[in-house]
Amino acid sequence: MVLALAACTYFFVTNVQQRRGQLQQDHSVQIDSGTRVELVRVIDADEISIRADGSGTFVVRLLGVKGFSTTINEPGVAGLGQAAVATIERTIADKELRVVFDELAFDRSGRLLTYIEADGQDLGQLLVQRGHLVTYTRYPFSREGAYLGAEAEARTKKAGLWGNYKAVARVQGWQDTWKTARDAEAEEP
C-alpha cells in the first residue's frame, strides 16, 4: 500500500513539474494589465498557463491566493487541489479572460503574478469564496480586503476546504507563518 502511494505521489509531482518546465515564460516578454488572454492549461490549484497574442505564453501564479497542491497524497487533504483545478477549468471555460495587475511582477519561480478575470469576475476571489483556495496574506496585495471578506464568508458557511478539519488546521498553520513573517518585516527599520 505504501509503495503504491509513493508511486502515485511520484507520478503526480513529476507530472506537475514537467508541465511547469514546458510552460516557463521568458521574463523579457511584456504584457499590459487588462490584456485579453487564452487558457493554455491549468497547472495547479493556484497556477495556470496562458497565452497572449504577440506576448507569448506565461505561467501565472494567481495573485492573493494559495491552494492545496494537486500532488498532495495525505489522507484528509488529498483531492482538495484537484477539486480546485476542476473548478477553475469549469469556471473559465468559454469565458473571456484578462490578466489584471497593479505592476508587472514575477515571483522567484518566474511566474507572472496577476489576477485573472473571467468575463469581468475575479477568478481568485471566486475560488476563495467557494472555499477552494485561501487568501495568501504573506505579502500585501491590492484586493486583500475583498479576498479576506470572501474567505470569512466561506469559513462561516464551511464551504469547500473550510468543512474539512484537517485542511483548516493546515491553513491555520500557513496563516500563522505568513503573519509572523509579515509582522517581522513590518518591524524592520
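Key figures
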| item | result |
| --- | --- |
| Residue count for segment 92-115, restricted to those that are at negative phi and either surrounded by fewer than 18 Cβ atoms within 10 Å (Cβ to Cβ) or touching a Gly at 6+ places or on another chain (Cβ under 7 Å) (or both) | 14 |
| Residue match in segment 117-124 (condition: closer than 20 Å to ILE50 by Cβ, loosely packed, with under 14 Cβ neighbours inside 10 Å, without any contact (Cβ under 8 Å) to a residue 40 or more places away in the chain and in contact with a Ser or Thr (Cβ under 9 Å, 6 or more places away or on another chain)) | yes |
| Residue that is farthest from ALA52 (Cα to Cα), among those in segment 81-108 that are assigned to a loop (DSSP other than H, G, I, E, B) and free of Cβ contacts under 8 Å to residues at least 24 places away in the same chain | ARG108 |
| Test: residue in segment 19-37 that is assigned to a helix (DSSP H, G or I) and either at pLDDT 95 or above or more than 17 Å from the chain's Cα centre (by Cα) (or both) | yes |
| Candidate set: segment 30-49, residues that are touching a Lys or Arg at 6+ places or on another chain (Cβ under 9 Å) and of a type in the set (Val, Ile, Thr); chosen: the one nearest to THR70 (Cα to Cα) | ILE43 |
| Filter result (closer than 18 Å to SER69 by Cα, at pLDDT below 95 and of a type in the set (A, V, I, L, M, F, W, C)) within segment 90-141 | none |
| Top-ranked residue in segment 109-157 [being part of a helix (DSSP H, G or I) and polar (S, T, N, Q); ranked as nearest to LEU63 (Cα to Cα)] | GLN125 |
| Answer residue from segment 38-80, given it is under 10 Å from the mean Cα position of the chain (by Cα) and not in a strand (DSSP E or B) and is surrounded by the fewest Cβ atoms within 10 Å (Cβ to Cβ) among those | SER69 |
| Pairs, first over 8 Å from LYS166 (Cβ atoms) and touching a residue at least 40 places away in the same chain (Cβ under 8 Å) in segment 68-79, second of a type in the set (A, V, I, L, M) and part of a loop (DSSP other than H, G, I, E, B), C-beta under 9 Å, six or more apart | PHE68/ALA45; PHE68/VAL77; PHE68/ALA78; PHE68/LEU133; SER69/ALA45; THR70/ALA45 |
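The values are calculated or read from the model by the stated rules, or taken from the named source; none is laboratory data. Bear in mind the structure is a predicted one, so any value in this text is a computation, not a measurement. Neighbour counts run over all protein chains shown; Cβ positions are idealised from the backbone, glycine included.
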